[in-house]
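The values are calculated or read from the model by the stated rules, or taken from the named source; none is laboratory data. Only a predicted model underlies this, so the values are computations on that prediction, with no experimental measurement involved. Quick reminder, even Gly has a Cβ in these numbers, built from the backbone with ideal geometry, and neighbours come from all protein chains shown.
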Amino acid sequence: MSNNHIWKERLRSWLNLFTNKKTIKGARITYHVIWNLFLIFLIVIVLGSAFAGGVGAGYFASLVKDEPIRSYKNLKKEIYNYEETSKLYFANNVYLGKLRSDLDREEVKLDQVSEYLIDALIATEDEYFYKHDGVVPKAIFRAILQEVTNSSAQTGGSTLTQQLIKNQILTNEISFERKAKEILLALRLEKFFKKDEILEAYLNVATFGRNSSGRNIAGAQAAAKGIFGVNAKDLNLPQAAFIAGLPQSPFAYTPFTNKGEIKENLEPGLKRMKTVLKRMYESGKINQKQYKEALAYDITKDFAPYIPSPQEQYPWLTFEIEKRAKEILGKILAKKDGYEEQDLESNQQLQEEYMALADRNLRQNGYEIHTTIDKKIYDAMQKVKDHYPYYGPDKPQEITDPETGEKKTIMEPVEVGAILIENKTGKIISFVGGRDYKREKLNHATSAVRQNGSTMKPLLVYAPAFELGKAAPGTILPDVPLYLNPSLNRPWPTNYDKRYNGLVPARYALAKSFNVPAVKLYKDIIGYRPAEYLKKMGFTSLVEPDFTNLATAIGSLENGVTVEENTNAFGTFANGGKFIDAYLIDKITDKNGKVIYQHEVKPVEVFSPQTAYLTLDMMRDVIKRGTAASLNSRLKFRSDWAGKTGTGNQFYDSWFVATNPNVTFGIWTGYDTPKSLNTPGLSYSLRNLYLWADLINAAYDINPKLVDPDEQFKMPGGIVRRSFCATSGLLPSNACVRAGLVETDLFNAKFVPTKVDDSLIEGKFVRVGDKKYLALDSTPAEFAESGLILNPDYIEKIFGIKANPQQLIPKNGRWSKILVPENKLAENGRKPGALNIKSSGNLIIWPMHPDYDVIGYRVYKNGAKVSSIKAGSSLSFNATEGSYYVTAVDIAGNESPPSNMIVIEKKTDPKPEIPPAGKGLGKGNGGPSGGKGQIPPRNGNNNGSGGSTGEPPSVENGNTVNGQ
């Protein structure tokens, strides 16, 4: 049988099997069973899915039940409410840096971001960004799986929309509840906002690690500038890829440490950059050539060099800006809430509340703060300050260690504070806050309060006295020992050199910085409360004792004054008597450019223009010929400067403040813990003046027109020049003219002197020893002298003092014609006693009479007066042959009885006497009448009828004191 036949038979058998009725019946039963089972399984799946979906939906609803339904306006406010660091500027819009904050951020628009960065972020963080509606399902399932399995891994896979929600509205908490809210808000956000709006917000929100200053950064612009030193729009492909890889783990991938240093291990960040490039290539954002070139690119060469933060480079300035901006903004915020500035000043808690609110706003709202500081001048002054060689020695200071409580000794350097202010506007052009911010953070120009020494004199004494009409530059003041402090048993005040100069004009007293005349004048006007003028000129630390203490006149304040306040006050004189408060913040704008604060100049009337000019003109002399004359050889230019030096108590502080028609510049030097600046070598005053000169010279090099204006101070109307007598300040009398004591000076026309000088009188005086006394009407003319005499009544009447008249006369040639009598010599009411006279050859001698009121002696020969000898002359008479006696005469003209008689015989030529052999000449006898042949000393005793003799009584304040 053939094979074909066999296969045909087998096929027929199989067909018979399927067509067999029994077989067909069994197949039908099996089919129905299988189909029913399938239907049942399908129904179970559908019902199970529906049940699971219902449970899931219910669970999701329970997770988001407390989440409010946010409106478009609400969402927009929260999404775009990202913190942005405020920017700081020097004058003329010169960028300084950013305000210190925990996060450095700078807003950028989407069209100002490199396409490479946009593509890199989308390819890496959300490849379906332009396709999904805010969420991607697989990411949701991944989050559920991680929650169920309690995985420690991050949720990951969130869309850019979800990441934006998480950063701006929610937290980083890993939970179903947070994830559910994130999904709900992402869907809602996509409903209200366009994709580009969401992307722009994300580019400003995402964190990118640290910048080259070591600060935390957020936002694409801050990342581009902080990591590569370019704007976000200028990023190349590798740079964009590096930045796009950072958000996954910012501080693991960032190339910088918190100190701004390049990390030793950059591999994690570089590896992440390559991953980003690969995803860009795989998603078609870049081609193969771009991909390979980017992989081969050395990104490390693009990392920005270390850039010190503004706080490091300009510590005093940035903190000063921050402090003042916070004060300004706090007042603005309080005013919006209905509070006035006085409310903040009187309520510390309220003030602290608004200061905290202002501080937060400054760090979050991206303000631009524009200052008045000239960068070039500021930098130049810091350089001078850092290299100045004459500060003086460091001195030891014992301190307590704040950590251990142990005492230790450190070396304190001489510190400095200086400030330059534009007069007409009050702009602070520059300042020097100190020598080393790391050692001492106190701003010595704006915050440190110190005693201002003699710089106080024009502010508190001379200008107020001029304004009140109580003095003028030609007013004569006493520089003599005065007892102006009753609690002291010694003269107070004293001058710095412990010497006195007699009668001096106010102009000279200020130029030479004499303390006594200033305090004396201040005492005369203190009832008018001159310290009120200081308040008008911006002194903020005054307390009530400063209004009544005479020592305030020479700068001894209870608290002190800052360099800024002291310097600012001097600008009042340059501004014609108007005080213009100094300021550093010119304007503040919000991130949209809207001006929220603009400084306004508000002059305060303090002094008349005449007072201001007279004070300026006096202070010119301080620099021309006074205590600051050494400046003339140090300055590079010759401006119309007027200023005043100052020294604090016990040489603790050294000051110099000067003003010209454009600017006022003041400086202080001293130790933080008060110590004497008076050390060997260059004097503390010169060290301070030379530093002032070097600093202002540096400013002149930068801006000559500002520092050295062509114009001079202009004399206002109402100023006249008048002559006056140097003894009184009154109109010259004939006596004053003859004495050569006529001077001229400027006066306020309202207060010119109208009375003729009566301080000098033509009269007679007598001499007793080296003292002079006014003669009485009964004083014999033979013992009196004529001359110009300083009137004792005038002294007490004008100055209200009891002073030694001799000390009132300056020790210079032109005053030599003025005779200064002692206090009036009162006669003792009795006749002088008789003298005991002696002779030596033809010379008759006698001792000074013991009575203090004896003014002269009369010599009689043969009963007739032959000579009158004044008490201040040599007490002897060269006699000829005859009989002699002498009488004493007192100031009232009373004459003593005659002295003993002495006879002077006619001289004959003696015959030579030959001595006996073997003997020499014998001892000679003295003169006639038992004289011993020698003149007795003037202070020796004798046995004359007038009693014991000795030095005449000295006269002190009208009381006699016996001298031995």
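For the reader, a short list of remarks on this structure follows.
- Residue among VAL663, VAL601 that alone is of a type in the set (Val, Ile, Thr) and either out of contact with any Ser or Thr (no Cβ under 7 Å at 6 or more places or on another chain) or farther than 26 Å from THR371 by Cβ (or both): VAL663
- Filter pass, GLU600 being buried (at least 18 other Cβ atoms within 10 Å of the Cβ) and not in a strand (DSSP E or B): no
- Residue within segment 194-201 that is closer than 29 Å to SER114 by Cα, modelled with pLDDT of 80 or more, acidic (Asp, Glu) and crowded, with 18+ Cβ neighbours inside 10 Å present: yes
- Among the candidates LEU333, LEU344, residue that is of a type in the set (A, V, I, L, M), surrounded by fewer than 17 Cβ atoms within 10 Å (Cβ to Cβ) and either assigned by TED's automatic domain parsing to the domain that holds TRP655 or modelled with pLDDT under 95 (or both): LEU333
- Qualifying residue in segment 413-433 (condition: touching a residue at least 60 places away in the same chain (Cβ under 8 Å), closer than 29 Å to LEU333 by Cα, in a loop (DSSP other than H, G, I, E, B) and in contact with a Gly (Cβ under 6 Å, 6 or more places away or on another chain)): no
- Matching residues in segment 639-666 - criterion: being more than 30 Å from GLU412 (Cβ to Cβ), in contact (Cβ under 8 Å) with a residue 60 or more places away in the chain, assigned to a loop (DSSP other than H, G, I, E, B) and not polar (S, T, N, Q): ASP640, PRO661
- The one condition in (1) at pLDDT 70 or above; (2) over 43 Å from the mean Cα position of the chain (by Cα); (3) of a type in the set (Gly, Ala, Ser) that GLY48 fails to fulfil: (1)
- Picking from residues in segment 288-338 that are in a helix (DSSP H, G or I) and of a type in the set (Gly, Ala, Ser), the one that is nearest to the chain's Cα centre (by Cα) is ALA325.
- Within segment 413-439, being touching an Asp or Glu at 6+ places or on another chain (Cβ under 6 Å) and acidic (Asp, Glu) holds for one residue alone: GLU415.
- Test: residue in segment 812-820 that is surrounded by 17 or more Cβ atoms within 10 Å (Cβ to Cβ) and in a loop (DSSP other than H, G, I, E, B): yes
- Restricting PHE251, PHE256 to residues that are in contact with a strand residue (DSSP E or B) (Cβ under 8 Å, 6 or more places away or on another chain) and exposed (fewer than 15 other Cβ atoms within 10 Å of the Cβ) narrows the list to PHE251.
- Meets criteria (under 24 Å from THR659 (Cα atoms), among the aromatic types (Phe, Trp, Tyr), in contact (Cβ under 8 Å) with a residue 12 or more places away in the chain and part of a loop (DSSP other than H, G, I, E, B)) for PHE570: no
- Options ALA569, ALA582: the member that is at pLDDT 95 or above and either in contact with a Phe, Trp or Tyr (Cβ under 8 Å, 6 or more places away or on another chain) or closer than 20 Å to LEU468 by Cα (or both): ALA569
- Candidates in segment 56-99 are the residues that are in a loop (DSSP other than H, G, I, E, B) and at pLDDT 80 or above; of these, the one that is surrounded by the most Cβ atoms within 10 Å (Cβ to Cβ) is THR85.
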